[in-house]
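Asks: One structure, pasted below without further comment.
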Amino acid sequence: MYRGRRLRLNSSVRSLVRENRLNVEDFIYPIFVVEGSGIKEEIQSMPGQYHYSLDRLPKLLDEMRSLGVQACLLFGIPEHKDSCGSQAYTEDGIIQRAIRFIKQYDPNMYVIGDVCMCEYTDHGHCGVLDEKGQVKNDETVGYLKKIALSYAQAGVDMVAPSDMMDGRIGAIRKDLDEHGFSYVPIMAYSAKYASNFYGPFREAAHSAPGFGDRRSYQMDVANSKEAMREMAADIEEGADAIIVKPALPYLDILKEASERFDVPLCAYNVSGEYAMLMAAIKNGWMREDVIEESLLCMKRAGANMIITYFALEVAKRLRDEK
Ligand code: PBG
């Protein structure tokens, strides 16, 4: 008889045969930066997550360093929005200043810039629009190039385009190379679905579309072959790493991606996944351990890195378990 329980009898043997582990080095922590000063304001839809003005970042960065969380993903909320999201690529934009601030304060913090337009456009779509309100692909790619280049000029470590326009990875790569930034890697949001799980983020980033939805550029929830085509295309165009987003309801996509492709793979544990677990934990319907379980499942499915709002909390638990 097969006796699987032999290897589950105590924590020592379980730990010896464990196939996957969560490490604090896996985590990328999203940070929302706002204009102004003295601001650390809790985001209603994401309890425990905050909007920070630059002057309030040092304490957070100190905490991240002491916990060993070594990477962050920046989102900016500008004061002014317009039809082409010009605050996204100006030299003194909120993200550009945040990059310079963080790299000066802690040069070892790995800073990733989310490249998109929806937080910066007055209509809330991820690109520029034609008369019918459709996002224009190639014109938008022109703007995305400007955004990525402005991040690189500010000293970003890596750029992560999250817009889902066609051809943007190749265009951004070429532009970065031509301007002397051939060492800045691109992590592409390659399999980004048109998901309802982004709801809390859109409140946090003030980036909900003013009309319509994002289904003409983000992927159809029903499809997995399409995700493989998107990832293959981005890798072909020069993506150094790829993201699957959301994560938890999309573990099949992560798994297939990890089997098919050899580039580093990142899972984005999105705002709705965060809000869902936080609500259940707050109500006493699930134990806090459900957080580590969820993240570990992403590793098991093949993720190398995890973008997660839980980064600090789980880092603390991993430290305390030691
Ligand atoms: C910007 C962007 C979004 C998220 C990351 N980058 C929102 C969207 O596409 O509407 C979502 C992140 C989250 O839900 O945690 N395009």
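The values are calculated or read from the model by the stated rules, or taken from the named source; none is laboratory data. Just so you know, these numbers come straight off a predicted model, no measurement behind them. Neighbour counts are summed over all protein chains in view; Cβ atoms, including those assigned to glycine, are modelled from backbone coordinates with ideal geometry. For the accessible areas, the whole protein counts, side chains as well, though only heavy atoms, and no ligand, DNA or RNA atoms are used. Shrake-Rupley method; radii C 1.70, N 1.55, O 1.52, S 1.80 Å.
Asks: Yes or no: the range 89-98 includes at least one residue that is open to solvent by 60 Å² or more (accessible area, probe 1.4 Å), under 28 Å from E230 (Cα atoms) and among the hydroxyl-bearing types (S, T, Y).
Replies: Of the range 89-98, the ones open to solvent by 60 Å² or more (accessible area, probe 1.4 Å) are 91-92, 97.
Within this subset, residues satisfying the condition of being under 28 Å from E230 (Cα atoms) are none.
Within the range 89-98, not a single residue is open to solvent by 60 Å² or more (accessible area, probe 1.4 Å), under 28 Å from E230 (Cα atoms) and among the hydroxyl-bearing types (S, T, Y).
Asks: Give, as residue ranges, the helices (runs of 4 or more DSSP H) completely inside the range 162-246 that count at least 2 residues that are near the ligand (Cβ under 10 Å from one of its atoms).
Replies: Working: elements: 168-178, 199-204, 225-237.
Fully inside the range 162-246 and qualifying: 199-204.
Asks: Also, quick follow-up: Can you find even one residue in the range 57-73 that is under 26 Å from R215 (Cβ atoms), within 16 Å of the ligand (Cβ to nearest atom) and open to solvent by less than 50 Å² (accessible area, probe 1.4 Å)?
Replies: Here is the first cut: in the range 57-73, the ones under 26 Å from R215 (Cβ atoms) are 73.
Checking which are within 16 Å of the ligand (Cβ to nearest atom) leaves us with 73.
From what's left, open to solvent by less than 50 Å² (accessible area, probe 1.4 Å): 73.
Yes, there is a match, as at least one residue in the range 57-73 is under 26 Å from R215 (Cβ atoms), within 16 Å of the ligand (Cβ to nearest atom) and open to solvent by less than 50 Å² (accessible area, probe 1.4 Å).
Asks: Regarding N223, is this residue at pLDDT 95 or above and surrounded by 17 or more Cβ atoms within 10 Å (Cβ to Cβ)?
Replies: Numbers: at pLDDT 95 or above: yes; surrounded by 17 or more Cβ atoms within 10 Å (Cβ to Cβ): no.
For N223, the condition - at pLDDT 95 or above and surrounded by 17 or more Cβ atoms within 10 Å (Cβ to Cβ) - is not met.
Asks: Of the residues S216, S162, S190, which single one is in contact with a helix residue (DSSP H, G or I) (Cβ under 9 Å, 6 or more places away or on another chain) and in contact (Cβ under 8 Å) with a residue 24 or more places away in the chain? Steps first, answer last, please.
Replies: Details: S216 fails: in contact with a helix residue (DSSP H, G or I) (Cβ under 9 Å, 6 or more places away or on another chain); S162 fails: in contact with a helix residue (DSSP H, G or I) (Cβ under 9 Å, 6 or more places away or on another chain).
Selected residue: S190, the only one of S216, S162, S190 that is in contact with a helix residue (DSSP H, G or I) (Cβ under 9 Å, 6 or more places away or on another chain) and in contact (Cβ under 8 Å) with a residue 24 or more places away in the chain.
Asks: Against the definition (open to solvent by less than 20 Å² (accessible area, probe 1.4 Å) and either of a type outside the set (S, T, N, Q) or without any contact (Cβ under 8 Å) to a residue 12 or more places away in the chain (or both)), how does E236 come out, yes or no? Lay out the reasoning, then the answer.
Replies: Working: open to solvent by less than 20 Å² (accessible area, probe 1.4 Å): no; either of a type outside the set (S, T, N, Q) or without any contact (Cβ under 8 Å) to a residue 12 or more places away in the chain (or both): yes.
The answer is no for E236.
Asks: For D138, state whether it is open to solvent by 20 Å² or more (accessible area, probe 1.4 Å) and on the phi < 0 side of the Ramachandran plot.
Replies: On the way: open to solvent by 20 Å² or more (accessible area, probe 1.4 Å): yes; on the phi < 0 side of the Ramachandran plot: yes.
For D138, the condition - open to solvent by 20 Å² or more (accessible area, probe 1.4 Å) and on the phi < 0 side of the Ramachandran plot - is met.
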